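Peer 1: This structure is in structure tokens; I'll ask about it shortly.
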Amino acid sequence: MNGLAILRAAENGLDVVPRPFEAIAEKLGSDEQAVLAGLRQMLAEGTIRSLGAVANHVALGLTVNAMVAWDVPEDQVDRAGEAFAKMPEVSHCYERSRVPGKWRHNLFTMVHATSEEGLARFLEKGRRIVPGADVVVLRTLKEFKKTGVRA
């Protein structure tokens, strides 16, 4: 089965049904086993790395959301990034290039908390991971779009 066809059939999300891959197969005029085999092949080849669900964090009570940017010394980025990546309140953790004269922060953590106190606790823990780092908290004000990767 064509992997791209499977990805396109699933790109708007899986149906909330007992057998979501069977529903995809029906859309493609195929059967569930062919879809599952196609997914397994893409995983084995590295075309896709994983399958997962994207939860609606607001519906889960995670109403305090912020991208927290850290100015981390180059020799500490990997250690700090790995530590942040293990934290349950962090959904994304990236190293990005600095922009000389404009933006010096190089490590970004997307944080989801249930309260302001939860965000404050995260910042305390983060300051222990990278003591003295300059930190900018960019709060989410409004979400305009949130989707998975489109094929």
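Any read-out appearing in this document is the output of simple, stated calculations on the displayed coordinates, not a laboratory observation. Quantities reported herein were computed from a predicted structural model and do not represent experimental measurements. Note that we place each Cβ from the backbone using ideal geometry, even for glycine, and neighbour counts take in every protein chain shown.
Peer 1: Would you tally the residues in segment 100-142 being in contact (Cβ under 8 Å) with a residue 12 or more places away in the chain and either of a type in the set (S, T, N, Q) or in a loop (DSSP other than H, G, I, E, B) (or both)?
Peer 2: Going through segment 100-142 one residue at a time, the tally reaches 9.
Peer 1: Next up: When both residues are 6+ apart or on different chains and their Cβ atoms are under 6 Å apart, which pairs have a first residue that lies in segment 66-81 and is surrounded by 16 or more Cβ atoms within 10 Å (Cβ to Cβ), and a second that is among the aliphatic types (A, V, I, L, M) and part of a helix (DSSP H, G or I)?
Peer 2: 72/80; 80/129
Peer 1: Out of segment 35-64, which residues are part of a loop (DSSP other than H, G, I, E, B) and either in contact (Cβ under 8 Å) with a residue 60 or more places away in the chain or among the hydrophobic types (A, V, I, L, M, F, W, C) (or both)?
Peer 2: So the first thing to find is which residues in segment 35-64 are part of a loop (DSSP other than H, G, I, E, B), and the list is 46-63.
48, 51, 53, 54, 55, 58, 59, 60, 62, listed by residue number.
Peer 1: What residue, of 30, 91, 97, is among the hydroxyl-bearing types (Ser, Thr, Tyr), touching a residue at least 24 places away in the same chain (Cβ under 8 Å) and not in a strand (DSSP E or B)?
Peer 2: Numbers: 91 fails: not in a strand (DSSP E or B); 97 fails: touching a residue at least 24 places away in the same chain (Cβ under 8 Å).
Among 30, 91, 97, only 30 is among the hydroxyl-bearing types (Ser, Thr, Tyr), touching a residue at least 24 places away in the same chain (Cβ under 8 Å) and not in a strand (DSSP E or B).
Peer 1: Name the residue that is farthest from residue 113 (Cα to Cα), counting only residues in segment 12-55 that are polar (S, T, N, Q) and surrounded by 10 or more Cβ atoms within 10 Å (Cβ to Cβ).
Peer 2: 30
Peer 1: Would you pick out the residues in segment 1-27 that are of a type in the set (Gly, Ala, Ser) and part of a loop (DSSP other than H, G, I, E, B)?
Peer 2: Hit for segment 1-27 is 13, nothing else.
Peer 1: Within segment 82-100, work out how many residues are more than 18 Å from the chain's Cα centre (by Cα), among the polar types (S, T, N, Q) and surrounded by 12 or more Cβ atoms within 10 Å (Cβ to Cβ).
Peer 2: 0
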